[in-house]
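S.K.: Sending over a structure as C-alpha cells; questions will come in a sec.
Values in this text are rule-based calculations from the coordinates and carry no lab data. Given the structure is predicted, the values throughout are model-derived calculations rather than measurements. Note that we place each Cβ from the backbone using ideal geometry, even for glycine, and neighbour counts take in every protein chain shown.
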Amino acid sequence: MLRVSLSVAIVLFSLMKADAQIVSPLEADDHTLLLYRFEGNGPIIGDEGPLGLHGTVVESEEGALVRMPEHPEGVAGNALTLEERQALVVPRTPEELRGMDELTVEVWFCTTNEAPAHRQRIVLYWEHYLISIFEGGKLMGHLYNEDGEKYILRGHTAIHPGIWYHAALTYDGQRAKLWLNGREEASVRMTGSISAAPGTGLQIGAIGDDWFEGDIDELRISNVARTAFPGARQYDFCRPSESLLISGGDARMIFDPVVPEGVSSVTCSASLGEATSGEAQIGADALQPLDDSFRAGHCGIVLDVPEDAAGEMVLSGTVRYQQEGQEQSATREFAVIVEQMISPPAVEFRGAWTHSHKIEDPEDIFSRMAASGLNAAVMRVRRGETAYYRSTLGPISEVPFENENLIEQCAEAANRHGIDLHCYVNNFPVGSPNSEYAQQMREEGRWQKTATGADAPWLCPSHPANLELVEQAMVELVRDYDIAGVQYDFIRYGQEDVCFCDRCRANFEARLGHAVENWPTACLEGGELHEEWLDQRADLITEAVRRTSAAIRATDPGVVISAAVFAMPPKDAKMKVGQEWDLWCREGLLDALCPMSYMADNVAYERTVALILSAVGEYVPVYAGIGLRSGNQVMRYPEELAAKINIARRLGAPGFTMFCVTPPTDAPETVIIPVRESMLPGAGRPE
C-alpha cells in the first residue's frame, strides 16, 4: 500500500502482471549443468539439473535470511523475488561449473528498480562468468579464460523496469556472445577455456553493494554454446512499479505497455472502486493509431474521481491485445490511499534547468517560467572549454545574439519576472572534441586516458591548466554578471576506468611512496590497489571544488554555490565517478545541493531523495531533482510532476529543480502550468 498526498487526481506508472504462463519451461538435457525453475516456496531453491546444486536465499551482508523470499508468477510458473541485498547462494560450486570449453548461461529477469545507484548482478560466478545490468540500464557480460584474462561484453538496448527480458551469455570456444531476447547484443573473440580456478562460488542476485531487485525465472547453465532460445523476447507485465492516486477532480490511469510485434490493437481499461471506470482503445478502428510513438509511450485513461474521495480505495487496471490469434490479458489491483496535496513551505526553491544556447528570446522563456510558478532558473552557459557567451577563456560557441551578451540579457529578463538566475558549467567534459582548440588540448596531454591508453574527451583534473580553467570559468561568471548563483555540473569523471595518464600515474606512485608494477591492472576493480586509486580520483575532484569555491567566495561572497550531483549513496558516487558530494557539503564548499534524481518510479524517487536528505540535509538545502525529460524519459502528464513535488515536500526538501525547460521542445504549459496552483500558494523565494 502506497501512501500518497496529491490534489488533482491520478494514478501513475502501473505495469501489469500477466495472468497466464508466457513461455514453456526449460528442460534439463544432456548439456544441462544447473537448472533453477523456482517452482517451490521459501528460501531453498531446488536444482533440476544432474548435480543437485540446491541454493539458499540469504541476505548478502548478514549471511542469514532476514526476509522470507516471495515466489510470484513468472514467465513459466513461479519466479523468485529478490529484494535489496538478497542473494541466492550455491553452497558448493563443483568443477563441472568451471573450466568448460563451451558455455551458456541463460536467465529470465524483470527488474523493479527504476534508477539503481549500483550495478545489478543477476548471475555471478566471480572471475568466471557473470551477467549484470550496468550503469545506464544496459546488459553486460563478463567471461574469464583459463589465463585469467577478462572479456567484457556491453549491450546496447535499454532495460526498463516492470518488463520480462531473456538474457544469455555464450562461449563456443572462439567467440563470446551476449544475447538479449534471443538477439545478439555483443560479441568478442576469446581464446582458451573458461577459468577452472575454484573462485568464490556461484551467486544469483547480489555481491557486496551490487544487487539485483526484482524477479528471476528459468535459470540454466550448460556446457554447450546454445544459439536458439525459444520464446526469448520481451514481455510486458512483470509487476507494478507503483500506483499513485490524487484526490479530487480527474484521475488518469497511465500504462507503459511495450507492445510486441504483430499486435494491431490495444485496449486499456481502469476503474476506481465501484464509482468510476474508463476504457481507451488504440489501433484497429480506433481514432488513435497504434504506431511507433505509442509503442514507446502511454495509454492514458481519464477517470472522474469524486471530490470527497478519501481514505483507502481499490484501483484496478487491465490491458488487452491480440497477438498470434490469441488475446493476451493482464490485470492488477492496487490498494491506494487518497489524501490531499501537501502545502508548500513558506520559502521554497522552485527551479528548472535550461540551456542558454537554445534560448532565442529570453523574455519569452522567463515569462513562461514565472507563469508556471517557478522562481529560479539554472542555465547552462559553458561545456568544458567551450562557452555559450562572450567569454575571455577559450573558444566561444555560436550564440543566438549577434553583438549582444546572452547572459546579461537572460539575467535582466529573469529579474523582471522574479526569477533568480543561476548559471551552471559542465566542468570537465570537452565541449567540442573535434575543434582545433580541443585537439590542441589533447595533444598537450590535458584529456583523460582510459586503462587501455585511449583518449577520453574529458579534461583530466590532475592537469594544472585544467584546474585553472575550471576555476576561472566559474569566477568569470560571478565577476562579470549580476546572477544569483553558480553551479558545478559534470564535476566528476565520465567513467570508472579513467584517468590513467602519465601525470595521474606519477601522482599515484608519489602518493603511495613506491612504483606500481602491475599498472594499470592493480588499480582496476578487483586489483590490489583499487581502493587507493578511488581515493586519489575523489581527492582530485574535491581539490578542484575546494579551490574553485574559495575563489568564487573571494570574488562575490554573496553568490550561491551549488552542484548537480549523482543521486546515489555517497560511497557509490565516489566509486563510480569520484564525486564526494557529502564531503563538499560537510566542509562548507557548497551552499546547496541539486541531486539529479530523475527516475520516473516514485518509490525509487522517494527512497533516493530521503537518502540524500539524511546524508547532507543538516548542512545544506537539498533541491531535489525532477526529470521532466532525461534521456528517453519524457514526462507527459502534469500529475506525474505533482507526485514528485509532493514527495519532495513530504520528505522536508526545501525545494526542487526540474530537468529541463528549454525552448522550443519543452513547453512549461504542457506539464508545469496545470500544477501551478499546487506549487505556488504562500511560497516565497529563498533569500
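S.K.: With 10 angstrom as the radius, rank Met599, Met635 by how many other C-beta atoms surround their C-beta, starting from the fewest. Write down the numbers at each step before the final one.
M.R.: Values: Met599 26, Met635 21.
Least crowded to most crowded, the residues run Met635, Met599.
S.K.: Points 7 angstrom from Cα along the Cβ direction at Glu525 and Glu149: gap in nanometres?
M.R.: Distance between the two pseudo-spin positions: 2.1 nm.
S.K.: Roughly speaking, what % of Cα-Cα pairs in the stretch 32-222 are separated by over 31 Å, rounded to a whole number? Could you put the intermediate results ahead of the total?
M.R.: Working: 1597 of 18145 pairs.
Beyond 31 Å sits 9 percent of the P(r) for the stretch 32-222.
S.K.: So, one more: Using amide H atoms built 1.01 Å from N in the peptide plane, name the residues 5+ places from Gly155, or on other chains, whose amide H lies under 5 Å from its own.
M.R.: When sequence neighbours closer than 5 places are left aside, the close amide H contacts are Leu139, Met140, Gly141.
S.K.: Out of residues 5 or more away from Tyr389 or on other chains, whose amide H comes under 5 Å of its own, with H placed 1.01 Å from N in the peptide plane?
M.R.: Correct list: Ser397.
S.K.: Would you kindly derive the ³J(HN,Hα) couplings of the stretch 511-517 from the backbone phi angles with the Karplus curve 6.51 cos²θ - 1.76 cosθ + 1.60 (θ = phi - 60°), listing them in order in whole Hz, with x for Gly and Pro?
M.R.: 5, 7, x, 7, 6, 9, 6
S.K.: Using a 10 Å cut-off around each Cβ, can you sort Cys585, Cys110 from fewest to most neighbouring Cβ atoms?
M.R.: Working: Cys585 24, Cys110 27.
Listed from fewest to most nearby Cβ atoms, that is Cys585, Cys110.
S.K.: What are the ³J(HN,Hα) values, in whole Hz, obtained from phi via the Karplus relation 6.51 cos²θ - 1.76 cosθ + 1.60 with θ = phi - 60°, for each residue of the stretch 465-477 in sequence order, with x given for Gly and Pro?
M.R.: Taking θ as phi minus 60°, the curve returns 5, 6, 4, 5, 5, 4, 5, 5, 5, 6, 4, 4, 5 Hz for the stretch 465-477.
S.K.: Between Leu202 and residues 5 or more places away or on another chain, which pairs have amide H atoms under 5 Å apart, with H built 1.01 Å from N, and which residues are they?
M.R.: Counting only residues 5 or more places away or on other chains, the set is Val90.
S.K.: Something else about it: May I ask you to evaluate 6.51 cos²θ - 1.76 cosθ + 1.60, the Karplus curve with θ = phi - 60°, for each residue of the stretch 211-228 and list the ³J(HN,Hα) values in order in whole Hz, giving x for glycine and proline?
M.R.: 9, 9, 10, x, 10, 10, 8, 6, 9, 9, 10, 10, 9, 9, 8, 7, 10, 10
S.K.: What are the trypsin sites (Lys or Arg not before Pro) within the stretch 72-149 that DSSP puts in a loop, where the Cβ has at most 12 other Cβ atoms within 10 Å? Please report the intermediate quantities before stating the final value.
M.R.: Numbers: sites: Arg85, Arg92, Arg98, Arg119, Arg121, Lys138; in loops: Arg85, Arg92, Arg98, Arg119.
Passing sites in the stretch 72-149 are Arg92.
S.K.: What is the distance, in nm, between label points placed 7 Å from the Cα along the Cα-to-Cβ direction at Glu48 and at Gln439?
M.R.: 6.0
S.K.: For Phe366, what is the net charge nearby, where nearby means another residue's Cβ is under 12 Å from its Cβ and Lys, Arg count +1, Asp, Glu -1?
M.R.: Details: positive: Arg368, Arg416; negative: Asp361, Glu363, Asp364, Glu412, Asp420.
Net charge around Phe366: -3.
S.K.: Let me ask another. Arrange the following residues from fewest to most other Cβ atoms within 10 Å of their Cβ: Asp535, Asp489. If you can, show how the numbers build up before the last one.
M.R.: Details: Asp535 16, Asp489 22.
The most exposed by this proxy come first: Asp535, Asp489.
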